[in-house]
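One structure is given here, and the rest of the page talks about it.
The values are calculated or read from the model by the stated rules, or taken from the named source; none is laboratory data. Note that the structure is a prediction, hence the values are computed from the model and not measured. Please note: Cβ atoms are built from the backbone with ideal geometry, for glycine as well, and neighbour counts cover all protein chains shown.
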């Protein structure tokens, strides 16, 4: 049995609170079926993570308002799976990893990416300074304590994939719920984890302080291909297939706004982008935030279009490593996990 250091009771309570909170934050109009809705609740799998930057940046640039939308961005509490709220109809969209649409299809839930922010994960496997002498390759992760955001998260999926590729089963290491940002850094510095999967700005914080080093870097296309055998579509806006079908006008407006933001990211410097972001995103060291953003802003697509070969590779990766996907990988219909209809019509 896979060893997981996670407090199930706490996570369950957090989920209940999150769903209750979401139910009170949205407007009644955003939950209507059929036609168009100008108010949309979107859960974000970590507001301060640079991989999910398009959500807040679109708000700050005024692109939602420009489309006549009122978008309520909800930061997903640590340890809570955002798509659970989506399936429960407590939010209409999730800014999270595309691979969850594949995972949820194995549970007979249809979710689809409508705007693909990135075709690479933007993640890195980091090694703690104390553990570095014995960790030079993925094969060395055997027997180690490996940090993930939470069990069932995309960092967990990627950890399973990378270790499986190195011939390590899920019984061959200990999964530790390490969260992100300062929680992740604390786990690494205290010896709570030997290595772990995380994103910027945490990656740059660790490399700058010297408390962590990069073992595998999936912030670049080549690094992703080297680690996973191809592209791996990651951060995206995904929604319930039924909701998309019933609210095409609203989804198109969302696509218009997000594609415009992706264009802004591609045509502006990290400093110019950082200047648009709230102060609490940048923390006390704005220069470090700009450095983090510069290291990761290349992950974003320019047009929000899913890479078809990348989607196939994501299924292949999960089909080889995910306990949920592996038994039914041949029955997964990728055409139901994403659509390019809206981004191709964005303008």
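For this structure, a couple of remarks:
- Region 43-65, residues that are at pLDDT below 95 and either within 16 Å of residue 239 (Cβ to Cβ) or buried (at least 20 other Cβ atoms within 10 Å of the Cβ) (or both): 43, 44, 45, 46, 48, 49
- Test: residue 239 is surrounded by 15 or more Cβ atoms within 10 Å (Cβ to Cβ), within 20 Å of the chain's Cα centre (by Cα) and closer than 30 Å to residue 342 by Cα: yes
- Residue list for region 145-154, filter: modelled with pLDDT of 95 or more and either out of contact with any helix residue (DSSP H, G or I) (no Cβ under 7 Å at 6 or more places or on another chain) or over 20 Å from residue 236 (Cα atoms) (or both): 145, 146, 147
- The strands (runs of 3 or more DSSP E) found entirely in region 89-164 that carry 1 or more residues being closer than 23 Å to residue 207 by Cβ, outside the structural domain of residue 244 (by TED's automatic domain parsing) and more than 19 Å from the chain's Cα centre (by Cα) are 123-128, 145-148.
- Any chance residue 238 is in a loop (DSSP other than H, G, I, E, B) and either within 27 Å of residue 155 (Cβ to Cβ) or modelled with pLDDT under 95 (or both): no
- Residue 184 at pLDDT below 95 and either surrounded by 17 or more Cβ atoms within 10 Å (Cβ to Cβ) or within 22 Å of residue 143 (Cβ to Cβ) (or both): no
- Residue, modelled with the lowest pLDDT, within region 81-102, restricted to residues that are over 18 Å from residue 247 (Cβ atoms) and surrounded by 24 or more Cβ atoms within 10 Å (Cβ to Cβ): 82
- When 310, 212, 266, 223 are checked against the criterion of being on the phi < 0 side of the Ramachandran plot, touching a strand residue (DSSP E or B) at 6+ places or on another chain (Cβ under 9 Å) and loosely packed, with under 15 Cβ neighbours inside 10 Å, 266 stands alone in meeting it.
- The set of residues from region 165-184 being in contact with a strand residue (DSSP E or B) (Cβ under 8 Å, 6 or more places away or on another chain) and either part of a helix (DSSP H, G or I) or not assigned by TED's automatic domain parsing to the domain that holds residue 203 (or both) comprises 171, 184.
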